[in-house]
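Here's the structure, in structure tokens; my notes come after.
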Amino acid sequence: MAFLQNHWEKFFKGVKEPVEILKLLSEKFTETIETDTSSGHTQLTLIADLMDRKVPLILGGYGLLCWVIANFVSYFVNKTLMSPHLINLAIYGMLSFLPSICLLAYFHGKKGYKDFNKIEKIGIPINIFISTLILLFAFYPKDLGAVTESIIIEDENGNLVQKVIPKGEFRKKIAIFYFENETGDSTLDWLRYGIPWLCEYDLDQDLYISDIRQNSFESKVENAGYTQKDNLPLSLKKKISTTLIKIISLKVHLIL
């Protein structure tokens with residue numbers, strides 16, 4: 001047994017109206033066909049219809065394209081010291097246009113020329129407009145340029161020197177708290193303060209890291225009811241760290 005399926009329409013030279021092309025389906029495809037007993041017409045199931053329109057294939061190709069573009073942008077950012085926000089912008093931008101890709105795949109996946117229908121003419125512009133607004137609100141406050149900036153400083157001899165440094169937004173902020181002595185040996189208590197001091201001076205060599213030691217914000221610890229000899233709970237350390245961003249950035253500028 002065989003079935004005739006309306007497969008696509010095609011325009012031929014010299015013919016004004018499209019010519020309907022039928023596809024002959026053999027018996028092995030009957031499981032994917034539902035018979036409408038009331039009208040006598042045959043309709044493809046949803047999965048078979050999507051496969052026939054090559055929607056999964058087109059979406060898979062678009063996903064591969066997104067992966068390639070995201071990796072290229074990541075490589076570009078790492079090589080040129082551009083803002084890492086560009087990677088997220090590329091990924092979110094491509095994902096936000098996915099509804100338009102779905103519409104194009106569904107209505108144009110079959111062979112043959114087809115004009116844009118009303119759903120596409122309305123849906124695609126709306127998707128582009130909404131996606132643009134979302135990206136503008138999400139990334140407008142963020143710096144999408146270079147991660148470095150040029151400043152003029154005065155050296156120890158009084159000469160003005162131009163120096164390239166990372167922007168504060170792209171520096172990793174680190175708060176160094178006093179270590180905890182879990183050995184029970186009080187003769188090792190000095191290491192609670194010595195190790196953070198060594199860590200601070202080691203991290204200061206990296207311009208992409210902004211750090212601050214507990215002795216610089218001891219007042220915040222005391223306001224919370226603790227002293228420098230106490231072991232601070234993790235929740236308090238997180239709370240204090242979130243209030244130190246401006247202080248850490250100021251410390252870096254003073255050092256430079």
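The values are calculated or read from the model by the stated rules, or taken from the named source; none is laboratory data. The shown structure was predicted, so the numbers you read here are calculated from the model rather than taken from an experiment. When we count neighbours, we look across all protein chains shown, and the Cβ atoms used for this are built from the backbone with ideal geometry, even at glycine.
Do we find that GLU200 is of a type outside the set (Lys, Arg), more than 30 Å from LYS167 (Cβ to Cβ) and assigned to a helix (DSSP H, G or I) in this structure? In short, no.
When each of GLU120, GLU149 is tested for being of a type in the set (D, E, K, R), assigned to a helix (DSSP H, G or I), more than 14 Å from the chain's Cα centre (by Cα) and more than 30 Å from LEU236 (Cα to Cα), the lone residue that passes is GLU120. Can you spot a residue in the range 2-17 that is in contact with a strand residue (DSSP E or B) (Cβ under 9 Å, 6 or more places away or on another chain), modelled with pLDDT under 90 and of a type in the set (A, V, I, L, M)? Yes, the range 2-17 contains a residue that is in contact with a strand residue (DSSP E or B) (Cβ under 9 Å, 6 or more places away or on another chain), modelled with pLDDT under 90 and of a type in the set (A, V, I, L, M).
Among the candidates LEU95, LEU89, the residue that is at pLDDT 90 or above, exposed (fewer than 15 other Cβ atoms within 10 Å of the Cβ) and either of a type in the set (S, T, N, Q) or under 15 Å from the mean Cα position of the chain (by Cα) (or both) is uniquely LEU95.
Within the range 175-215, how many residues are under 27 Å from VAL147 (Cβ atoms) and out of contact with any Cys (no Cβ under 9 Å at 6 or more places or on another chain)? Outline the logic, then answer.
Here is the first cut: in the range 175-215, the ones under 27 Å from VAL147 (Cβ atoms) are 175-176, 199-213.
With out of contact with any Cys (no Cβ under 9 Å at 6 or more places or on another chain) added as a condition, the list becomes 175, 199-210, 212.
Going through the range 175-215 one residue at a time, the tally reaches 14.
Scanning the range 167-191 for residues that are among the polar types (S, T, N, Q) and not in a helix (DSSP H, G or I) yields a total of 2.
So, in the range 66-104, exactly how many residues are in a loop (DSSP other than H, G, I, E, B) and within 19 Å of TYR208 (Cβ to Cβ)?
The initial filter retains those residues of the range 66-104 that are in a loop (DSSP other than H, G, I, E, B), namely 81, 83-84, 97.
Then drop every residue that is not within 19 Å of TYR208 (Cβ to Cβ), which leaves 81, 83-84.
Looking only at that region, the number is 3.
Each residue in the range 152-174 was checked for being surrounded by 14 or more Cβ atoms within 10 Å (Cβ to Cβ) and under 23 Å from the mean Cα position of the chain (by Cα), and 6 of them qualify. Screening VAL164 on (1) outside any helix (DSSP H, G or I); (2) free of Cβ contacts under 8 Å to residues at least 40 places away in the same chain; (3) assigned by TED's automatic domain parsing to the domain that holds ILE87 shows it passes everything except condition (3).
With respect to (1) under 21 Å from ILE212 (Cα atoms); (2) modelled with pLDDT of 85 or more, the lone exception for THR132 is condition (1). Taking every residue in the range 68-82 that is within 17 Å of THR148 (Cα to Cα) and pairing it with any residue that is modelled with pLDDT under 90 and among the small types (Gly, Ala, Ser), at least 6 positions away or on another chain, the pairs with Cβ-Cβ distances below 9 Å are VAL77/SER83; THR80/ALA146; LEU81/ALA146; MET82/GLY145; MET82/ALA146.
Residues checked against (1) over 15 Å from ASP230 (Cα atoms); (2) of a type in the set (Asp, Glu):
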{"site": "GLU156", "(1), (2)": "yes, yes"}
{"site": "GLN162", "(1), (2)": "yes, no"}
{"site": "PRO166", "(1), (2)": "yes, no"}
{"site": "ARG171", "(1), (2)": "yes, no"}
{"site": "ALA175", "(1), (2)": "yes, no"}
{"site": "PHE179", "(1), (2)": "no, no"}
{"site": "THR187", "(1), (2)": "yes, no"}
{"site": "TRP190", "(1), (2)": "no, no"}
{"site": "ILE195", "(1), (2)": "yes, no"}
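Taken together, TYR62, TYR106, TYR75 contain a single residue that is assigned by TED's automatic domain parsing to the domain that holds PHE139, at pLDDT below 90 and either surrounded by 15 or more Cβ atoms within 10 Å (Cβ to Cβ) or of a type outside the set (S, T, N, Q) (or both), which is TYR106.
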